[in-house]
Amino acid sequence: MCGISGILKYQPHHDRSIMEDLTLMNEKLHHRGPDDNGLWVNEIKSVGLAHTRLSILDLSSLGHQPMVDQDYLN
């Protein structure tokens, strides 16, 4: 079992950053994947993904999420 959440902000909110919002969402999903978690935010901080992971089959760090295509980043 894993957990995934995301956020899309059309206008920046001044009360919390997108990273703070994603971290809070990931904390709520901790029970769905206590073995690993990850965050990704685009450069302009308008889109973000959060993931919690329960390691059952692949216990290595190769299953770390969210996965990002290096070609997309370059």
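The values are calculated or read from the model by the stated rules, or taken from the named source; none is laboratory data. The model shown is predicted, which means the values in this text are computed figures rather than measured ones. The area values use the complete protein model at the heavy-atom level, side chains included, leaving out ligands, DNA and RNA. Shrake-Rupley method; radii C 1.70, N 1.55, O 1.52, S 1.80 Å.
Some notes on this structure:
- Segment residue 8-residue 42, length gained on full extension (0.36 nm per residue, minus Cα span): 11.2 nm
- Residue 46 accessible area, 1.4 Å probe, all protein chains in place, Å² to nearest 10: 20 Å²
- Residues 16, 53, sorted by accessible area with the largest first, give 16, 53 [1.4 Å probe; ligands and nucleic acids excluded].
- In the complete set of protein chains, residue-level accessible area for residue 1 is approximately 120 Å², probe 1.4 angstrom.
- A full extension of the chain between residue 71 and residue 56 corresponds to an added length of 2.5 nm, given 0.36 nm per residue minus the alpha carbon distance.
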